[in-house]
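Colleague: Pasting in a structure now, in structure tokens, and then I'll have a few things to ask.
The values are calculated or read from the model by the stated rules, or taken from the named source; none is laboratory data. Everything numeric in this text was worked out from a predicted model, so none of it was measured. Reconstructed Cβ throughout: ideal geometry from the backbone, glycine too, with neighbour counts over all protein chains shown. We work out accessible area using only protein heavy atoms, side chains counted, and drop any ligands, DNA or RNA first. Shrake-Rupley method; radii C 1.70, N 1.55, O 1.52, S 1.80 Å.
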Protein chains: 6
Amino acid sequence: MAGPHPIDYAGASPRVRAVFDDIRHTRAVQDVNNFWKHLANDPALLERTWASVKQVMAAGALSPLVKEIIYVAVSVTNGCPYCIASHSAAARKAGMTDEMFGELMAVIGMANETNRLAYGYRVPIDAAFER
Amino acid sequence: MAGPHPIDYAGASPRVRAVFDDIRHTRAVQDVNNFWKHLANDPALLERTWASVKQVMAAGALSPLVKEIIYVAVSVTNGCPYCIASHSAAARKAGMTDEMFGELMAVIGMANETNRLAYGYRVPIDAAFER
Amino acid sequence: MAGPHPIDYAGASPRVRAVFDDIRHTRAVQDVNNFWKHLANDPALLERTWASVKQVMAAGALSPLVKEIIYVAVSVTNGCPYCIASHSAAARKAGMTDEMFGELMAVIGMANETNRLAYGYRVPIDAAFER
Amino acid sequence: MAGPHPIDYAGASPRVRAVFDDIRHTRAVQDVNNFWKHLANDPALLERTWASVKQVMAAGALSPLVKEIIYVAVSVTNGCPYCIASHSAAARKAGMTDEMFGELMAVIGMANETNRLAYGYRVPIDAAFER
Amino acid sequence: MAGPHPIDYAGASPRVRAVFDDIRHTRAVQDVNNFWKHLANDPALLERTWASVKQVMAAGALSPLVKEIIYVAVSVTNGCPYCIASHSAAARKAGMTDEMFGELMAVIGMANETNRLAYGYRVPIDAAFER
Amino acid sequence: MAGPHPIDYAGASPRVRAVFDDIRHTRAVQDVNNFWKHLANDPALLERTWASVKQVMAAGALSPLVKEIIYVAVSVTNGCPYCIASHSAAARKAGMTDEMFGELMAVIGMANETNRLAYGYRVPIDAAFER
């Protein structure tokens, strides 16, 4: 009653199964995460989100590891427990070591601190950084 | 009246000048940014913040470029104009290309979107990601 | 010890009971939600918050359904689990269908994404939108 | 130097022009907003974002007016000046009256307030709202 | 065209003037701030917001200075330029010294940093702090 | 697998124990909180964070009570459950009464509301508050 329930592969429509299959194939996993099972309630959202994630997170000028690190930085800044848990795991799978994790946390913490110092001191943008 | 004014090198105390000198030397720049000139109103804060930034942003398991990219990801998520301007410039100085910038923005945007989908669908953390 | 405990109707003062009674009557419910039972620790806050909610959420130029949808949009953007749960339920009670819920989530996600693209690309406000 | 510059129609590649043309046609406007001119620096991002916006913001179970109202609610909660300006204008174009705007602001403000009361009082989710 | 314009005393309705008069009297100022002139577009919102601000910000168990300090802490965390400017000024008027301002900024920065460390390390709440 | 585990005193290195001992001594507690046990995975972060917290939270122009109140204001605005729980407890230990807690929550809620009204009405900063 309080919201859509997750949709498992067994109970999924062919349209949803096609996305699940592509996720499983692309990521070489047995089953998709809870995130996708919930989005499956809206097949158009599921398709669009997966298509974007697949395109955006693929190796490019930035490596998949750096992209997962960025994902963690955003998720920690927003305080999203699900996203922190799933993307920290994805970052480790992509090669993040304990030492990298520690440095990532330190930079995220520092940036969140200095963002507020810049706000609070009402620091004007340096001419060199102006458009 | 509305807040502390920036303190230039010429008007700075020896304690503040020592920090300014270290920033200029470490970064090989002529002058420090407005951020430091404002923090100079509180010498203890200036010293502590610079000491932390110097330690945290140095090359380690993550490169200075990746660290600046993380800083941009946090600043864009928070919507801090000063921090976006200064750390985008720092990231470019550390080697960020136009292509990397584009991918960085795409991942930040995507992560901010899926963070909200995870919240809104109230997705429970997968057993595999539990502590 | 870690914070105020909820106050049930049975243990409430006449001043608190008067608010609880008005909530029950206005919403045609048997009991008030945990939110109100916690606010009851501060009768002035309880009275002021309920008076505002009652006035703000009543039908006006916007319908109660649209108002609950706005509430969900804010709560999901902030990532407030209690508020997402309670206002998603309230929105459904006011007529939100599964299809509407899906579209609501899609717009919230998209807006959170493009907000960050606007920040990150430092897009200046178009003259047409200036004050 | 501080970031990508906007790309006007005259200086755009055929790939970018195709998106600009579709925006102009779909929205029946002479020129695209600054937002799109900045995203044009990354044609893949431009295409993907426009395709999503076009699909997500189209009339469905929720009207275009309600969708723009949701967009404003997110943008105001995040404090994104560009997004507030552009989507307030879009909402007005879609039929938002002054009275609706006033009620929208009131609900956004109230929701941001009660979100924090729910956090601060650490209100547990009612059994009725649990999954 | 992009939003409601401020309403000055001269052009205000009797209902709005009554609120403006009470603000001027309570705060012993010649004119009200831009904030109130904008809210005047929605007299009900103006009345409700002023009544709440007057009640909430009055001396109580916490002094007006501490209350303004809290207001600044929230506004800096959210990054609201208008609110930072106006409430920093109000805090100074209520007695905030330069030294207090410096310490306030330091605590705000530190709290925003450690909030993210608690998120990122997924620190479970100590039994002693549980409800 | 999903993240670093807490490090107890018994299993800690001499470097980590030194920090734990200083926390226990400074705060006159038997054991350190979970927060420190998790940060102990990165001794440099642990040392730096504790040194900063010790310096920033000490009595100065603002009392320890006011500093804990500011910490709660930031944590509630960000919606950080761990930080709200631990710093509400710390504030109570420093002297926060039930009445102060109620007023703190009321100001936090109000500030989060009016921050959004200032954003949404796009209120320009008064000349008196300009730099």
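Colleague: Determine the dipole magnitude for the protein assembly as shown: charges of +1 sit on the beta-carbon of Lys and Arg, -1 on that of Asp and Glu, nothing else is charged, the reference point is the Cα centre, and the result goes in debye to the nearest 20.
Modeller: The calculation lands at about 0 debye.
Colleague: Give the ranking of E:SER13, C:SER88 by solvent-accessible surface, highest area first, calculated with a 1.4 Å probe.
Modeller: Solvent-accessible surface, decreasing: E:SER13, C:SER88.
Colleague: A follow-up question, please. To the nearest 10 degrees, how steep is helix D:98-120 against the longest Cα principal axis of chain D, on a 0 to 90 scale?
Modeller: For D:98-120 against chain D, the angle is about 60 degrees.
Colleague: Then there's this: Can you give the average number of partner chain beta-carbon atoms within 10 Å of each beta-carbon in peptide E:12-22, as a whole number?
Modeller: The per-residue average across the peptide is 0.
Colleague: Provide the three semi-axes, in whole Å and in decreasing order, of the ellipsoid equivalent to region A:63-131 as defined by the square roots of 5 times the Cα gyration tensor eigenvalues. Provide the component values of the computation, followed by the final result.
Modeller: Values: eigenvalues 155, 37, 23 Å².
After diagonalising the Cα gyration tensor, the semi-axes are 28, 14, 11 Å.
Colleague: Now for a different question. When Lys and Arg each count +1 and Asp and Glu each count -1, what net charge do the other residues less than 10 Å away from B:PHE101, Cβ to Cβ, add up to?
Modeller: Local charge sum for B:PHE101: -3.
Colleague: Let me ask another. Per DSSP H run of at least 4 residues, take -39500 (n - 2.57); add these up for chain D, divide by its residues and hand me the 222 nm value, nearest 500 deg cm²/dmol.
Modeller: -21500 deg cm²/dmol
Colleague: If you count, for every residue in E:56-63, the Cβ atoms of partner chains within 10 Å of its Cβ, what is the mean? Intermediate values should be presented prior to the final figure.
Modeller: On the way: counts 11, 5, 1, 1, 7, 9, 13, 1.
Per-residue shielding by partner chains comes out at 6.
Colleague: Treat every Asp and Glu Cβ in region F:83-131 as -1 and every Lys and Arg Cβ as +1, leave all other atoms uncharged, and give the resulting dipole magnitude about the Cα centre to the nearest 20 debye. Display every interim value, and only then the final one.
Modeller: Details: 5 positive and 6 negative charges, 45 e Å.
Dipole size: approximately 220 debye.
Colleague: From the backbone phi of region E:68-80, what are the Karplus-calculated ³J(HN,Hα) couplings (6.51 cos²θ - 1.76 cosθ + 1.60, θ = phi - 60°) in whole Hz, Gly and Pro given as x?
Modeller: Along region E:68-80, the couplings run 5, 5, 4, 4, 5, 4, 5, 5, 6, 4, 7, x, 9 Hz.
Colleague: Further, regarding this structure: Say a paramagnetic label sat at a point 7 Å from the Cα of E:HIS25, along Cα to Cβ; which residues of region C:31-65 have their backbone N under 16 Å from it?
Modeller: Once the point is set 7 Å along Cα→Cβ of E:HIS25, nothing inside region C:31-65 turns out to lie under 16 Å by backbone N.
Colleague: Another question, then. Gaussian network model of chain E, Cα springs within a sub-10 Å range: biggest mean-square fluctuation belongs to which of E:HIS25, E:HIS87, E:HIS38?
Modeller: Residue with maximal mean-square fluctuation among E:HIS25, E:HIS87, E:HIS38: E:HIS25.
Colleague: While we're here: I need to check one value: relative contact order of chain B, counting alpha carbon pairs closer than 8 Å and at least 6 residues apart, in percent.
Modeller: Working: 70 pairs, mean separation 22.1, N = 131.
Relative contact order, chain B: 17 percent.
Colleague: Considering the options B:PRO64, B:ALA85, B:ALA44, tell which one lies farthest towards the positive end of the dipole of chain B, charges being +1 on Lys and Arg and -1 on Asp and Glu at the Cβ, about the Cα centre.
Modeller: Comparing the listed Cα positions along the dipole, B:ALA44 ranks first.
Colleague: Expressed as a fraction of 2.2 N^0.38 Å, the rule-of-thumb size for a compact globular protein of N residues, what is the C-alpha radius of gyration of chain B?
Modeller: Compactness ratio reported: 1.32.
Colleague: Moving on. What accessible surface, in Å², does a 1.4 Å probe find on C:ILE69, ignoring ligands, DNA and RNA and rounding to the nearest 10?
Modeller: Result for C:ILE69: roughly 0 Å² accessible.
Colleague: Right, next: List, shortest first and in nm to one decimal, how far the label point of C:ASP31 (7 Å from Cα along Cα→Cβ) is from its counterparts in the other copies.
Modeller: Going from nearest to farthest copy, the values are 3.4, 3.4, 5.5, 6.1, 6.6 nm.
Colleague: Same structure again: Given the pairs E:LYS54/F:LYS67; C:LYS67/D:LYS67; A:LYS67/F:LYS37; F:LYS54/F:LYS93; D:LYS67/E:LYS37; C:LYS67/C:LYS93, which are separated by over 21 angstrom at their Cα positions?
Modeller: Violating the 21 Å limit, Cα to Cα: E:LYS54/F:LYS67; A:LYS67/F:LYS37; D:LYS67/E:LYS37.
Colleague: Treating the Cα atoms of the protein assembly as shown as identical point scatterers in vacuum, please give the log10 of the normalised Debye intensity I(q)/I(0) at q = 0.07, 0.09, 0.11 Å⁻¹, two decimals.
Modeller: -0.48, -0.83, -1.32
Colleague: Continuing with this model, one more query. Could you let me know the centre-to-centre spacing of region A:34-78 and region E:93-121, using Cα atoms, in angstrom?
Modeller: So the separation of the two Cα centres works out to 33 Å.
Colleague: Moving on. Output wanted: per-residue J couplings in Hz (rounded whole) for region A:50-56, from phi through Karplus 6.51 cos²θ - 1.76 cosθ + 1.60, θ = phi - 60°, x for Gly and Pro.
Modeller: Once rounded to whole Hz, the list reads 5, 4, 5, 4, 4, 6, 6.
Colleague: Additional query: Please get the size of the charge dipole for chain B, origin at its Cα centre, with Cβ charges of +1 on Lys and Arg and -1 on Asp and Glu, quoted in debye to the nearest 20.
Modeller: 300 debye
Colleague: Then there is this: So if R0 is 51 Å, what FRET efficiency would A:LYS54 and F:ALA10 give, r being the distance between their Cβ atoms, rounded to the nearest 0.05?
Modeller: That pair, A:LYS54 with F:ALA10, gives E of 0.65.
Colleague: Let me ask something additional. Give me the accessible area of E:PHE20, 1.4 Å probe, in Å² rounded to the nearest 10.
Modeller: Accessible surface of E:PHE20 is approximately 0 Å².
Colleague: Using the Karplus curve 6.51 cos²θ - 1.76 cosθ + 1.60 with θ = phi - 60°, work out ³J(HN,Hα) for each residue of region F:8-13 in order, rounded to whole Hz, and write x for Gly and Pro.
Modeller: Running phi through 6.51 cos²θ - 1.76 cosθ + 1.60 with θ = phi - 60° gives 7, 3, 4, x, 8, 6 Hz.
Colleague: By average Cβ neighbour count within 10 Å, what is the ranking of C:93-101, F:96-104 from highest down?
Modeller: Per-residue Cβ counts within 10 Å, averaged per peptide and sorted highest first, yield F:96-104, C:93-101.
Colleague: State the residue of chain E whose Cβ is nearest the axis carrying E onto C, and the distance in whole angstrom.
Modeller: For chain E, the closest residue to the axis carrying it onto C is E:SER52, 4.
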